[in-house]
Every structure is written in structure tokens, then in C-alpha cells.
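J.: Take a look at the following structure, please.
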Amino acid sequence: MRKLSKAVESVESSVTLRINSKAQALKKSGKDIVIFTAGEPDFATPDEVKNAAVDAINANFTKYTKSSGIVELRERICRKLKDDNGLEYSPDEIVVSNGGKQALFNIFGAILNPDDEVMIFTPAWVSYAPQIIMWKAKAVEVSTSSEEGYLPKRESLESNLTDRTKAILLNSPNNPTGAVYDRKTLKMIADFATEHDLYVVADEVYEKMVYDLEHISIASINGMRNRTLIVNGFSKSHAMTGWRVGYSVAPLEISKEIAKIQSHTTSNINSIAQMAALKALDVDTSYMMIEYRKRRDLIVDLLDRANFKFSKPAGAFYTMIDVRDFLHGKTTEELCMDLMENAGVAVIPGDGFGAPGFVRISFATSQEQIKKGIERLTNYLN
Ligand code: GLU
């Protein structure tokens, strides 16, 4: 038998998607289960967005588009970047991709050579390291702690720097901790990247969900525009997970490479979804954000009252609970399976995020479900 790719063999499939599918299947089979697994908004995609897609079909907007996306959408994204983030880009510096995931994968492909290193701050979303590894490069985990609000320290960047370090990946607001990077932390990372001539890959997909601080794009910090590569998308901000629309924002010479990768892999994303996304940028979704804030307040209150140790989210819609006292010899994944099957509450084990002994809760679900789920968790574990 011929051997397979060692790099691909060495990574696991996405744990968030795997456990979420299992929970959804159990629910479909009739089990009463509270689902705190995937970070998927429970809101419907706004009607205006759906109607724009229907109109696109009826107008036969169903053919190939430019591989990196229709110019109207890329122009509108440039306007969004200016209005929301104070950033100036041209449409050729935007590539519209199949969700943030493809945008990120293209970015890594454009900047990494075999054995290059990318620093990622753990706990970190489950797909960063596998994507880097699949491009035959190395993900270097730089740990952050709850005591420091899950923000990285200059010392840990210094101690993980090698002559192969190519980029730093940051994700603020953060999945899974809910941390939002303040200006001081971003400035520290920006200075470090500049001193060592590193790229910064900034996943800003949760930028609209900030409760306690403001979202700052690191590209807006002096001198950072030309070394920052931004990933964003519509899944979270506009409840459009299934439409698969994301985008990368990068200086022209890098965007050209990103566009090249996409032209040889998937070509353009679905033409209809592009028209939906164009409309989405004119739709106000602040009603969703108001509700997420209420849910954040509620879950913090419930977890506090039940005496759990957890990260208080300043952004995104996740929190991580420390379950080390409840493992009793089980792995975190075994505990999660136990909770799913016997307590009727589905959560994601922290192992894939570089946080064994913790579970992640997504509170992108109703207040009623949050109350029910935390009650089940509390009763089962205590
Ligand atoms: N990003 C979301 C999450 O972390 C969706 C699932 C995934 O792509 O990992 O739950």
C-alpha cells in the first residue's frame, strides 16, 4: 500500500464539527438535549439577505464569477473596512472565499514554506494548527492563562521565537476563551512582529460581538497594514454559517498569491451567496448583538452562582469551564460524551483547543436553553 500524506494523517478532523454532528443526530433521534457545541448563531439569516439570493437566482446570476469574487462585493467590503476599522484597502486586496476557513487556508498557503513556524496563542480554535500542518509548516503553541485574561505576554513570544518563525496568529475576540485583546496587547504584538519582521494573521470573525471592550484591528496600528492578513466572514455577524462566505484582506502582492491558490482550487464561491453577502453588509444585525450580550450576562451569572471556574467572555459567544475536578479519571472527551448521553447537555472538550480539562460552551442559543443547560450541567456534575 502506498503511504499517505504524513502531514494530513497527523491531524484529526474538526472536533467542533464532529461533536456537533453527534449532538444534532441525537437530537434528531428524539433525545432531549441542550446543544452548546458549534459556534453557530441560532438566529435566522435576515430576510433581506435571503431575498437578495432569491432575486439572484431569478436573474440567472448563476454562472462563474471572477475567482476572487464579484467586484461589487469586494468594493463593499473595502467600504466596511474603512467604516468599521479605519482601514484603506482596494478591491484587489480582498479575496472572497468559502467561509473564514478557506480564507485562512489560502493565507497560510500564500505565506508558508515547509517547516516555517507560526505562533498560535492557546487555547486556540481547533482548525488553526491543522491548517498550518497541512501546509507542511509548524504550529508553535504559545500558552496564555486565565490569570492573565488569556492575553499573551511579550516574554512568551520571545521564548518561542526561532529563525523559522514566520507569523503570529491572533484571534480577537477569541474562540474559545472570549478574550478581547486591548490596545496595549495589540501594540506589544505589533512591535514584536515589526522587530522580527513577522506577518500577523488576524482572525476577526467575531469582531461584532464585543461586550466589555472595543474591537481593534491590529492592521490599524501604525506600520502594521503591510504585514497583517485579516480573515473575516458573514457566518457569525449575519447568521450565515451555511452560506459559506468569508474573505481575506491582505496587501496586494500577498492577495495575488491568495487569489492564485483559490483559482486553482475552488474558483469563485457560490455566485448566489455573493449577492446575499453584498446585501448583508447593508443589514443592521445589532439586534443579534444585543441578545448575545444578554446571554453573556445570563451565563456568567448562572456559572458564578453554581461556583464553576470559567472564563468571563468580553467578546464572541464562548466560555470555557474548568472541569478538572469533575474528571474522576476520565478524559475530557469522555466526560463530554457522558454529559451528552446522560445529562442531556452537549459541550466541546478543550483538548483540541490546547486546553485539556476544560470544556467549551457556545452560548449562541436561547436564554431558555442556556438556563436549562447550565442547570443540567450543575446537577450532573455536583
Ligand atoms: N467556528 C465554529 C466553532 O468553533 C464553528 C465550527 C468550526 O468550524 O469549528 O464552533
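Every number in this text was worked out from the coordinates using simple rules, so none of it is lab data. It should be emphasised that the depicted structure is a prediction, and the values quoted were computed from it without experimental measurement. Note that we place each Cβ from the backbone using ideal geometry, even for glycine, and neighbour counts take in every protein chain shown.
J.: If we count other beta carbons within 10 Å of each Cβ, what is the order of HIS238, HIS328, HIS264, HIS196, fewest first? Intermediate values should be presented prior to the final figure.
T.: Details: HIS238 24, HIS328 6, HIS264 9, HIS196 14.
Lowest count first: HIS328, HIS264, HIS196, HIS238.
J.: Quick one: 3J(HN,Hα) in Hz for region 149-157, Karplus 6.51/-1.76/1.60 with θ = phi - 60°, rounded, Gly and Pro as x.
T.: Rounded to whole hertz, the list is x, 6, 9, x, 10, 4, 4, 6, 5.
J.: Measure out, as a whole number of angstrom, how far apart the alpha-carbon centroids of region 152-180 and region 230-275 sit.
T.: 24 Å
J.: Could you compute how fast region 199-300 diffuses translationally, taking Rh as the Kirkwood radius over C-alpha pairs and applying Stokes-Einstein at 25 °C with viscosity 0.890 mPa s? Give it in µm² per second.
T.: On the way: Rh = 15.5 Å.
The estimated diffusion coefficient comes to 158 µm²/s.
J.: Could you pull out every whole DSSP H run in the chain that spans at least 30 Å of Cα extent along its own axis and averages 1.0 or higher on the Kyte-Doolittle scale? Don't skip to the end; give the middle numbers.
T.: Values: long enough: none.
Length and hydropathy pass: none found.
J.: Further question: Going by amide H atoms built from the backbone, whose H comes under 5 Å of the H on THR122, apart from near neighbours?
T.: VAL142, SER143, THR144
J.: When the chain is modelled as a GNM with alpha-carbon springs shorter than 10 Å, which of THR144, THR228, THR62 fluctuates the most?
T.: Among THR144, THR228, THR62, the largest mean-square fluctuation in the Gaussian network model of the chain belongs to THR62.
J.: Another question, if that's okay. Note down the relative contact order for region 7-108 as a percent, whole number, built from C-alpha pairs under 8 angstrom at least six residues apart. All intermediate terms of the calculation are to be shown ahead of the outcome.
T.: Numbers: 44 pairs, mean separation 15.6, N = 102.
Normalised by residue count, the contact order of region 7-108 is 15 percent.
J.: With a point put 7 Å past each Cα toward its Cβ, work out how far ASN113 is from ASN379 in nm, to one decimal.
T.: It works out to 6.0 nm between the two label points.
J.: Sticking with this one: Could you state, as a whole-number percent, how many of the C-alpha pairs of the chain are farther apart than 26 Å?
T.: Details: 37955 of 72771 pairs.
Tail fraction, whole percent: 52.
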